[in-house]
Amino acid sequence: MTGTETVLGAPAERREGREKVTGTARYAAEFDFPGRAHCRPVPATVARGRVTGIDPGPALALPGVLAVLTHENAPRLAEPDDPVLAVLQSPRVPHRGWFVALVVAETLEAARAGAAAVRVTYEEEPHDVTLTASHPQAYVPREANGGYPAVSEHGDPDAAFASSATRVDVEYRVPPLHNHPMEPHASTAFWDGDRLVVRTSSQGTNAVRAALAAMFELPEDRISVTAEHVGGGFGSKGTPRPDVVLAAMAARHTGRPVTLALPRRFLPAVVGHRAPTLQRLRLGAGADSRLTSLVHEVTTQSSRVKEFVEQAAVPSRVMYAAPHSRTLHRVARLDVPTPSWMRAPGESPGMYALESAMDELAAELGMDPVELRIRNEPETEPDSGKPFSSRHLVECLREGARRFGWSGRDPRPRSRAEGPLLVGTGVAAATYPVLVAPSTASAQALPDGAFLVRVNATDIGTGARTVLAQIAADALGVPLERVRIEVGSSDLPAATLAGGSSGTASWGWAVHGACVRLRDRLAGHSGPLPAEGVTATADTSGEADADSPWSRHAFGAHFAEVAVDTVTGEVRVRRLLGVFAAGRILNARTARSQFIGGMTMGLGMALTEDSTMDPAFGDFTQSDLASYHVPAHADVPAVEAHWVEEDDAHLNPMGSKGIGEIGIVGTAAAVGNAVHHATGVRFRELPLTPDRVLTGLLGHEHPAGTLGA
Amino acid sequence: MKPFAYVRAGTVEEATDAFAAHPGARYLGGGTNLVDLMKLGVEAPAALVDVNRLPLGGVEELPDGSLRIGAMVHNSDLAAHPLVRDRYPALSQAVLAGASGQLRNAATTGGNLLQRTRCPYFQDLSKPCNKREPGTGCGALQGVHRDHAVLGYSDQCIATNPSDMAVALAALDASVELYGTEGARSVPAAGFHRLPGDHPERDTEIRPGELITGVVLPAGSAGPASAYRKARDRASYAFALASVAVVLHLADGVVDRVGIAFGALAHRPWRARRAEEALLGAAPTTAAFEHAVDLELAAAEPLQDNAYKVPLARRLALDVLGRLAPPAVT
């Protein structure tokens, strides 16, 4: 590749790929500093109450146990912004699984034995962990997650709905879901004099450093947080988690390096979950098949610890033109673990409901579901009235329909059988907002002809190093192999987290700025470079976060084909196809991985992933990967991701939109709509497991109610 | 971790002697379930008697035409064995329907029969479980029990046996060979596992210290057709929601040998004796199959959240019976 040829968009190979597949990439729990101790938390075994006594004696008597930290002896910390981090600071138990003690020991095994030996007594209080649509404590909050108003209303949606020629009034339920990244949350910490050094598994170490600085009352420059490799996060590592606070506490208490890797079974209670949503959709349409009224009302849960409101109705503010609309969120604060971000929070469950309801409306209207969506394409963003910076949903739908072979489809439900299998196809649209945050970066020309780009991006498995090097190479006008890149440490120029599909845009903007400036400086430079090279920096504050007059979103269209076994109710996806319009695609290889990864996660949401809140005990029943079913290889068939060219001058210097989340957004609805097409039965609760599907099929075949056949 | 003794046995006698010499011992085969349970604290053996080097790793045809599977034969090898695939397809299919490739490579025939329930309350020390700790109660009865039993449970325990292999063995009239300090004995596979009754802590009829040395499949070189079918939440690596193993042989247009066993419906593989009795001597018609299976499942008493298991098991059984019977008569 020559210096003048563009490398943006090329399928450059992942820079850390070899380290990962050969096992030399080191993760947070793998830093075996001399004298390292291990620890294990003790989770609360009541759903609500307070600790009345902790006897660490039996644990301390075990060989290898160094310390037992509790709310009585743990270091006092300043109050954190995020109350889930206030661990071992009070006897209060807000939910089952909340950590009430931490055992520090010479080995992981000794820590585990010590944790089992700690004796805790509680004053237990009655608990309520059951979310219902009419929960008496549900209220309308001020805001939903992301800072969106909880309620938005235009016109008179109730009257418009009542007078609509065609109406759909339906309720959907999405269960609690868990991020379960392959690498559990883990941190290693030690104190080097008055400096705190941390290796952690996080989507953004600047936020971790800020939280630790506030809680331990240290200046940020005395804390170094590194996340060199991260084995996935899907939102659950977007904010600091208790592991990093506990590891730092234990290191301070014992004076030794300490590692805390959370056991898989602890994750559902302490690293967030996608809150369950109960969603009511009312769609009214006129004789022209245009929406007259769109009402999307969501009831969800949060914990006693803090308010977190899954913004599931928000995508309905963006998708379709409707003169009358209401989008509304209610939340009930229950004695449950604290929910948090999970891939495409809001869009993922919300678009499942909206796009399923659109399919139901298409059926009521007798209209092709692709055409119904095109018919309701808005000219400007329905909620804000802002013009779209670019919107190519229609192109995605048409291109997807062409590639998928949609035109040959018999629209009648239950029209295609292959022996005991019913086969169907479905479509759904997807959207995800363009988010971007200020970041800083530096670019340095070195005397040996190489360029060093430094930015505290985090590569959580997406290929951030690779795409940032591509951005730098293009901005510098040099071959890709001359660009070295350093990411993943709070010692680097500060940058935002890998979350909200904002990372590449945010970091890349700063990298681009630094590289353009460096190129300009080098243009004015003659002779050999000084030993320290030449450096330029960039800070996108005020620029990346400036208000935009544009409504900026990525869009996509998902198509699915499923086979439903009428003997068992088992649903298997045969193929998934997604077409996305997400600005300029910066690396064809890693982008494809992101899209098909999101689609695979959406397949799990549609068919297999289910978490059950145990009403008696107040915890999630499925706490390991044997019972919380993410798709196995055998579940994941042909998955295709394509994209349409999209030039958008209102985004960032690269012209890119985020791609990390949109892949999950439309998948569940496309699969659910395909199941309806296959069976003629509309299922409105995820996931579509055999128990539900078989029961629905039997009800369809024997409406009188016998389950005999 | 609770310290434990480790003994590697070279012979069956060494193994049973070592077990007797170490109160609180457990035999260690592939460890795919026992080691997990030790990590969870559900099992805390005082000693592990490693039986992996015992000379029980062979599959041999006996003079009477039966097939003896050594207890240490790995699940993968059992499923792939040509004689097993040819003569006992239900067994090969059942083993391949379980776990994952890696687990089947490690898991053994004897260990598969002794795996414990995957009931989440059994696995969680912070919750009551009569199987894990008799007398503490059953968390699942009023809790989350979509995966639990619909047949033969008690108010003490509603757990199910998780094995796929054991379901096929029960239908195939296999027997389990045991060796203990009182000598060798053999029990029918269909009676090896127990119903919970008042002693859910006892999964099987095995006596303290007894070791499974093998499994014997009855002569079947020209024997009946058999098949296994399992319904599950995902296409691989999930326990059964319901499953069925069927052995069917016809003579003169009527059923002259039949074995039906259900998986995931009860505390043990559920041998469907009533259904079998109804079918013996009957013409293999759809109506006869329905009548027989309905007779069997009439005893089911679903809990609040697992009623789906009854129609699911029914349809699985009818599907497999229909496939094994000649198309002309169904």
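For the reader, a short list of remarks on this structure follows.
- Annotation for region A:45-150: GluC sites (Glu not before Pro) lying in DSSP loop with at most 14 further Cβ atoms inside 10 Å of their Cβ are A:Glu72.
- Summary of the geometry: region B:136-162 and region A:351-404, compared by the centres of their Cα atoms, lie 47 Å apart.
- The Cα-based radius of gyration and maximum Cα-Cα distance (Dmax) for region B:225-329 are 13.5, 44 Å.
- Gain on full stretching of the segment that runs from A:Val534 to A:Met182 - 0.36 nm per residue minus C-alpha separation: 122.7 nm
- Shielding value for A:614-622 is 5, the average number of Cβ atoms from other chains within 10 Å of each residue's Cβ.
- Inter-label distance for B:Asp305 and A:Ala588, nm, one decimal - labels placed 7 Å from Cα along Cα-to-Cβ: 4.8 nm
- Loop-located trypsin sites (Lys or Arg not before Pro) in region A:132-222 whose Cβ has at most 11 other Cβ within 10 Å (DSSP): A:Arg142
- Cα long-axis angle, helix B:12-21 against chain B (0 to 90 degrees, to the nearest 10): 50 degrees
- Across chain A, Cα pairs under 8 Å and at least six residues apart give a relative contact order of 16 percent.
- Under the Debye formula (equal points on every Cα, no solvent term), log10 I(q)/I(0) of region A:91-248 at q = 0.15 Å⁻¹: -1.10
- Residues with amide H under 5 Å from that of A:Glu640, placed H, sequence gap 5 or more: A:Leu576, A:Leu577, A:Gly578
- Charge dipole (chain B, unit charges on Cβ, about Cα centre) - positive-most of B:Phe122, B:Ile69, B:Ala227: B:Phe122
- Of the peptides A:128-139, A:282-293, the ranking by mean beta-carbon count within 10 Å, highest at the top, reads A:282-293, A:128-139.
- Sites A:Arg414 and A:Thr380 - FRET efficiency at Förster radius 51 Å, r taken between beta-carbons, to 0.05: 0.80
- With a 10 Å cut-off around each Cβ of A:683-692, the average count of Cβ atoms from other chains is 3.
- Debye intensity ratio in log₁₀ form over the Cα atoms of region A:597-660, taken at each q of 0.16, 0.23 Å⁻¹: -0.72, -0.98
- Taking θ as phi - 60° and the Karplus parameters 6.51, -1.76 and 1.60, the scalar couplings of region B:101-116 work out to x, 5, 5, 5, 5, 9, 6, 10, 5, x, x, 4, 5, 9, 5, 8 Hz in sequence order, x denoting glycine and proline.
- Put the Cα centre of region A:497-569 next to the Cα centre of region A:216-252 and the gap is 24 Å.
- Residue-normalised convex hull volume from the C-alpha trace of region B:100-231: 144 Å³ per residue.
- Per-residue ellipticity at 222 nm, computed for chain A from helices alone with -39500 (n - 2.57) per DSSP H run of at least four residues, works out to -7500 deg cm²/dmol.
- Under 15 Å from a label point set 7 Å out along the Cα-to-Cβ vector of A:Glu543, the amide N atoms of region A:630-660 belong to A:650-656.
- For region B:1-94, the set of trypsin sites (Lys or Arg not before Pro) satisfying both a DSSP loop assignment and a count of at most 15 other C-beta atoms within 10 Å is given as B:Arg53.
- The modelled label-to-label distance between A:Ala165 and B:Lys2, using points 7 Å beyond Cα along the C-beta direction, is 7.3 nm.
- Principal-axis tilt of helix B:309-324 within chain B, Cα atoms, nearest 10 degrees: 60 degrees
- In this calculation the C-beta distance from B:Leu103 to A:Asp647 is compared with R0 = 56 Å, giving a FRET efficiency of 0.65.
- Working from Cα pairs under 8 Å separated by at least six residues, relative contact order for region B:5-50 is 54 percent.
- At full extension, A:Val140 and A:His525 could sit 132.5 nm farther apart than now, given 0.36 nm per residue minus the alpha carbon distance.
- Taking N as its residue count, the alpha carbon Rg of chain B over 2.2 N^0.38 Å: 0.98
- Across the alpha-carbon atoms of region B:5-50, the computed radius of gyration and Dmax are 10.4, 31 angstrom.
- Inter-site label distance for B:Gln142 and B:Ala219 at 7 Å from Cα along Cβ, in nm: 5.7 nm
- Across all directions, the average flat footprint of the convex hull enclosing the Cα atoms of the protein assembly as shown is 44.1 nm².
- If you look at the Cα atoms of region A:156-240, you get an Rg and a Dmax of 22.5, 73 Å.
- Value of relative contact order over chain B, rounded to a whole percent, pairs C-alpha under 8 Å and six or more apart: 17 percent
- Distance between region A:623-645 and region A:652-693 - C-alpha centres, whole angstrom: 12 Å
- Only lysine pairs 8 or more places apart or on separate chains count here, and in the protein assembly as shown those with Cα atoms under 20 Å apart total 7.
- Expected 222 nm ellipticity per residue - DSSP helices of 4 or more, -39500 (n - 2.57), all of chain B, to 500: -7500 deg cm²/dmol
- About its Cα centre, region B:5-50 has a charge dipole of approximately 160 debye under the convention of +1 per Lys or Arg Cβ and -1 per Asp or Glu Cβ, with nothing else charged.
- At an R0 of 51 angstrom, the distance between the Cβ atoms of A:Leu218 and A:Ala133 translates into a FRET efficiency of 0.65.
Bear in mind that the values in this text are calculations on the coordinates, not laboratory data. Quantities reported herein were computed from a predicted structural model and do not represent experimental measurements. Please note: Cβ atoms are built from the backbone with ideal geometry, for glycine as well, and neighbour counts cover all protein chains shown.
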